[in-house]
Amino acid sequence: MKALLNLNIQERNTFAKVLFGYFLILLIFRFQSGAFLIFQYQQPIKGFGIDWIFWLSACSGFPQYIIQHYWACVVVDSTVVILSIACFFSTKWRNLFCIALLIFFFLQRMTLETYACTHSKSTAALFIALLPFCFKSEKNFSLVSEFSRYFLLYILIISAFYKFYNGALLSPENFAVTLVNQHSDLATLNPQHISYSIASVLIAHPLYAGVAYIVLFLTQVIFVIGVFTRKYDTLLFVILLIFAVMTYLVMRIYNMDITVLGL
Amino acid sequence: MNPTNWYLVRLYKQNKVLFTFVTLFIAFQIYFNNKHIHSFPFFVWDMYSHTQSLPDTLTQTEVFIDNKRIDITQLSIWEELSVLNTYKTYNRLHRNNYYDPIDEVVRNRTKYFPEPVYSYVSNKVCNQRHETEKYAKWLHLYLEQILHKKIKTIELKDVQYLYINNHFQPINNSCSVLKNEQ
């Protein structure tokens, strides 16, 4: 987005408004989707998995405490929203608000994902995207922004690499099978859904599915360019947006969190 | 391609503390990638990169509200995942006589520590029977909340399907795993 709006990284305030504006839209979407603590209140089953950070959270006891107390759910949820708004408007105290936002967002996501038994990788992208705003000095802000940019490049390039390394790219019919497994719920309950309508064409024609998978691979591998130059960042951002929209339409995967790193 | 322009070199020159954090981050990322363990925020970004095969039969969870099957895909993705994943965890515990298999991982990870450490971590991380038994009632209330209506009965069934000629055909051996009436 910085590239798209022709923003210099020093035009930090405009960049902050774009990023926190987008973050607020994501929060509205999350609230509307029921991904707030108040909707998960008193869910009794824990799903910490084998994730070390989730275990440390479990041992501290905060997820168990928050989910059992409605007022705690309300406080954490509303603090995340209030701090996001504060980060949007405040220039002077933005770094302090952002540090507090990261802490409360961490409490919210750890508790929510534990008690929904769902661990989302893309949440990491949100944390890394917000990180630069925790720094007041221009120099540190620029350095951490650059780290966020490399992190996004890493996600996409390593994902492309694994498609080759794990063999899926070399098995042309595999994507059609993946779609059958991915959309079994839609196939039996809601075959009219747009994702299933698109997927069923690919399932019926495995060759098309194979080509679509190669296009997906190329969409990710093209981000290698970003390691060497910033010249094509605008193009890469547009590709990232197309990637996020297409993965929703074809796979019914929500990738808008990762897109935040491209802003 | 001048090495002095490389990010890590510039970072080292400009801020050694940040350089240490970024280097540690990279080291942890490499470690977890090699171990193939997902640990926030060091995930293995290998989505949809493995070859998959079509199973002969596929088990699907179906939700019945007042004896009528609902289309769970009409819920938001988060709500659908929330219902299905918590239910899957409940089902696994229920079938396992309320023993949480994560307990074995706790035992393994705390083997070099005194016994009280294991007990503490196990108590915090593993699901206990009294917690699991509350699930059906919670799910009932949750479904009432997200469907915006009063519900008398909820029932979750595992239904098996055969995949023939690009279509799923139900086999008549569905089994009811969870039922709650109010």
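The values are calculated or read from the model by the stated rules, or taken from the named source; none is laboratory data. None of these values were measured; they are calculated from a predicted model. All Cβ positions, glycine included, derive from the backbone under ideal geometry; neighbour counts span all protein chains shown. In case anyone asks, the SASA skips ligands and DNA or RNA and just uses the protein heavy atoms, side chains included. Shrake-Rupley method; radii C 1.70, N 1.55, O 1.52, S 1.80 Å.
Looking across the range A:147-167, just one residue is in contact with a Phe, Trp or Tyr (Cβ under 6 Å, 6 or more places away or on another chain) and charged (D, E, K, R), and that is A:LYS163.
Of the residues making up the range B:131-172, those that are among the β-branched types (Val, Ile, Thr) and under 14 Å from B:VAL63 (Cβ atoms) are B:ILE146, B:ILE151, B:THR153, B:ILE154, B:VAL159.
Scanning the range A:103-119 for residues that are out of contact with any helix residue (DSSP H, G or I) (no Cβ under 6 Å at 6 or more places or on another chain) and open to solvent by 20 Å² or more (accessible area, probe 1.4 Å) turns up A:ILE103, A:PHE106. Residues that are open to solvent by less than 50 Å² (accessible area, probe 1.4 Å) and more than 8 Å from every other protein chain (Cβ to nearest Cβ) within the range B:45-61 comprise just one, B:THR61.
Please verify whether the range B:88-99 includes one or more residues that are among the aromatic types (Phe, Trp, Tyr), more than 8 Å from chain A (Cβ to nearest Cβ) and assigned to a helix (DSSP H, G or I). No, the range B:88-99 contains no residue that is among the aromatic types (Phe, Trp, Tyr), more than 8 Å from chain A (Cβ to nearest Cβ) and assigned to a helix (DSSP H, G or I). For the range A:15-66, the tally of residues that are open to solvent by 10 Å² or more (accessible area, probe 1.4 Å), hydroxyl-bearing (Ser, Thr, Tyr) and more than 27 Å from B:GLN145 (Cα to Cα) stands at 2. Residues that are under 28 Å from A:PHE133 (Cα atoms), assigned to a helix (DSSP H, G or I) and either without any contact (Cβ under 8 Å) to a residue 24 or more places away in the chain or within 11 Å of chain B (Cβ to nearest Cβ) (or both): does the range A:161-176 have at least one? Taking every residue of the range A:161-176 in turn, none turns out to be under 28 Å from A:PHE133 (Cα atoms), assigned to a helix (DSSP H, G or I) and either without any contact (Cβ under 8 Å) to a residue 24 or more places away in the chain or within 11 Å of chain B (Cβ to nearest Cβ) (or both). Answer yes or no: is there a residue in the range A:139-150 that is part of a helix (DSSP H, G or I), under 30 Å from A:VAL76 (Cα atoms), at the interface with chain B (Cβ under 8 Å from one of its Cβ atoms) and over 23 Å from the mean Cα position of the chain (by Cα). Scanning the range A:139-150 turns up at least one residue that is part of a helix (DSSP H, G or I), under 30 Å from A:VAL76 (Cα atoms), at the interface with chain B (Cβ under 8 Å from one of its Cβ atoms) and over 23 Å from the mean Cα position of the chain (by Cα).
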